[in-house]
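Just below is one structure, and these are the notes that go with it.
The values are calculated or read from the model by the stated rules, or taken from the named source; none is laboratory data. For clarity, every value in this text was computed on a predicted model and none was experimentally measured. FYI the Cβ positions are ideal-geometry reconstructions off the backbone, even for glycines, and counts take in every protein chain you see. These accessible areas exclude ligands, DNA and RNA; they are computed on the full protein's heavy atoms, side chains included. Shrake-Rupley method; radii C 1.70, N 1.55, O 1.52, S 1.80 Å.
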Amino acid sequence: MKRREFIFALGGAALAWPFALRAQQPSIPTIGFLGAPSASSYATYVAAVRRGLNEVGYIEGRNVTIEYRWADGQYDRLPALAAELVGKGVAVIVPIGGAPSVVAAKNATSTIPIVFAMTADPVQLGLVASLNLPGGNITGIAILGVALEAKRLEKLHELVPTAKLIAVLVNPKNPQVDILTNELAAASRTAGQELLVLKASSNPEIDAAFATLVDRGAEAVIIGQDTFFTSQPAHFAALTERYAIPAISPWREHVAAGVLMSYGSSIGDAYRQAGIYTGRVLKGERPADLPIVQPTKFELAINLKTAKTLGLQVPPALLATADEVIE
């Protein structure tokens, strides 16, 4: 080889080397967040997922990217948003906002791993084969909050023992609505109470439902499990104050805003655990082999200021069992 040809060949190899090096570097995985509510209303829980990812070594913008899709409470938009994420070839889908987004993700793909955090029973919804061995492409954290509806009715009865007509507010667009109402209907019959089921899927419908329950003579209300309801703590606090009606919710955030009581587990911690599971899937573990995680601690929160406003005396026995008392 002539000297000039040798130098040219050497220079070409040197130029090609950085491109070859970049080609050998692993690509950064992308996670798809599929949100049923609005981004602003679930910012705290998205941050919790990121914390979980950080715990297993994944930091957004450094070694993982996240594609966000939000339905803004319009559940009928979820299938198209899920299809968008599938089309982008994301490595994992993390449904945000409970059963509606989980079902949409599951219907969109049978191959891309899905890691959820929700209050519904994934076995009852037909999403997994069992809690111990989910099978397929989906796993996550199941708070099983619907199974606690009877317990919420019990707590409400302790505080308002003379109440005969109890209202329950549910979102008809939620896939678990029948499970929730059936659970409460059975519990109310056992307690000798009548149940008034009211449906709402928007703020105006929530307003109308509260006006109706007061007109019908309901003496207390249970706020049912739902993503949209989760995102409206101030709205529910204002309505329960306006109509002077005792209410129990699954979420302590509602009690902090002014609702009387809550009973349930921490949603924020569930999403943090979902972040950890997502990281494990990115590292190669199969969703089919990761058992559904269930919380073991459930907390009762009581707002004593609201109780005083409603003219209610919280029984000492009930107060003694509270994990958090807001005064």
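Write down the Kirkwood hydrodynamic radius of the stretch 106-164, to one decimal in angstroms, obtained as one divided by the mean of 1/r over all alpha carbon pairs. Show your work: numbers first, answer last.
Values: mean 1/r = 0.0746 Å⁻¹.
Every distinct Cα pair counted, the radius reaches 13.4 Å.
Taking square-rooted eigenvalues a ≥ b ≥ c of the alpha carbon gyration tensor, is the stretch 163-233 rounded, prolate or oblate, where a/c under 1.5 means rounded and, failing that, a/b exceeding b/c means prolate? Working shown, then result.
On the way: a/c = 2.26, a/b = 1.24, b/c = 1.82.
It comes out oblate by the Cα gyration axes.
Could you check how many percent of all C-alpha pairs in the chain are farther apart than 35 Å? Spell out each step's value before the answer.
Numbers: 15856 of 53301 pairs.
Result for the distance tail: 30 percent.
With a 1.4 Å probe and every protein chain left in place, tell me how much accessible area ARG216 has, in Å² to the nearest 10.
150 Å²
Give me the distance between the Cα centres of the stretch 231-266 and the stretch 26-89, rounded to whole Å.
A separation of 27 Å, based on Cα centres.
How large, in percent, is the carbon and sulfur part of the accessible surface of the chain at a probe radius of 1.4 Å?
Numbers: 8120 of 15000 Å².
Of all accessible area on the chain, carbon and sulfur atoms account for 54 percent.
Taking the Cα centre as origin and putting +1 on Lys and Arg beta-carbons and -1 on Asp and Glu beta-carbons, what dipole magnitude results for the stretch 29-105, to the nearest 20 debye? Write out the running numbers ahead of the final one.
Working: 6 positive and 6 negative charges, 27 e Å.
Dipole magnitude for the stretch 29-105 comes out near 120 debye.
Rounded to the nearest 10 Å², what accessible area does LYS151 show when all protein chains are kept and the probe is 1.4 Å?
Using a 1.4 Å probe on the heavy atoms, I get roughly 70 Å².
Going by the alpha-carbon gyration tensor, a ≥ b ≥ c the square roots of its eigenvalues, is the stretch 256-327 rounded (a/c under 1.5) or, if a/c is not under 1.5, prolate (a/b greater than b/c) versus oblate?
prolate
Can you work out the accessible area per residue across the chain, with the rest of the protein chains kept in place, probe 1.4 Å, in square angstrom?
Working: 15000 Å² over 327 residues.
In whole numbers, the chain has 46 Å² accessible per residue.
State, to one decimal in nm, how far the label point of ARG216 lies from the label point of SER130, with both points 7 Å from Cα in the Cβ direction.
Once both label points are built, they end up 4.0 nm from each other.
Pull out a ≥ b ≥ c, the square roots of the eigenvalues of the alpha-carbon gyration tensor of the stretch 42-148, then state rounded if a/c is under 1.5, prolate if not and a/b is larger than b/c, and oblate in the remaining case. It would help to have the intermediate numbers written out before the result.
Details: a/c = 1.39, a/b = 1.23, b/c = 1.13.
Rounded is the answer for the stretch 42-148, as its axis ratio a/c remains below 1.5.
I'd like to verify something in the chain: which complete DSSP H helices, judged by Cα projection on the helix axis, reach 27 Å or more and average at least -1.0 on the Kyte-Doolittle scale? Before the final figure, lay out each step's value.
Details: long enough: 3-24 (31 Å, 0.51).
What comes out of the filter, once short or polar helices are dropped, is 3-24.
Largest first and in whole Å, give the semi-axes of the stretch 132-257's equivalent ellipsoid, each being the square root of 5 times a Cα gyration tensor eigenvalue. Intermediate values should be presented prior to the final figure.
Values: eigenvalues 119, 63, 36 Å².
Here the semi-axes work out to 24, 18, 13 Å.
Suppose we keep just the DSSP beta bridges with both residues in the stretch 182-327; what percent of those would be antiparallel, to 5?
Values: 4 of 11 bridges.
Antiparallel bridges: around 35 percent, rounded to the nearest 5.
Say we join alpha carbon atoms closer than 10 Å with springs in a Gaussian network model of the chain; which of ALA191, ALA108, ALA301 then has the biggest fluctuation?
ALA191
Assign unit charges at the C-beta atoms only (+1 for Lys and Arg, -1 for Asp and Glu), then state the dipole size of the chain relative to its Cα centre in Debye, rounded to the nearest 20.
Details: 28 positive and 28 negative charges, 282 e Å.
Dipole of the chain, to the nearest 20 debye: 1360 debye.
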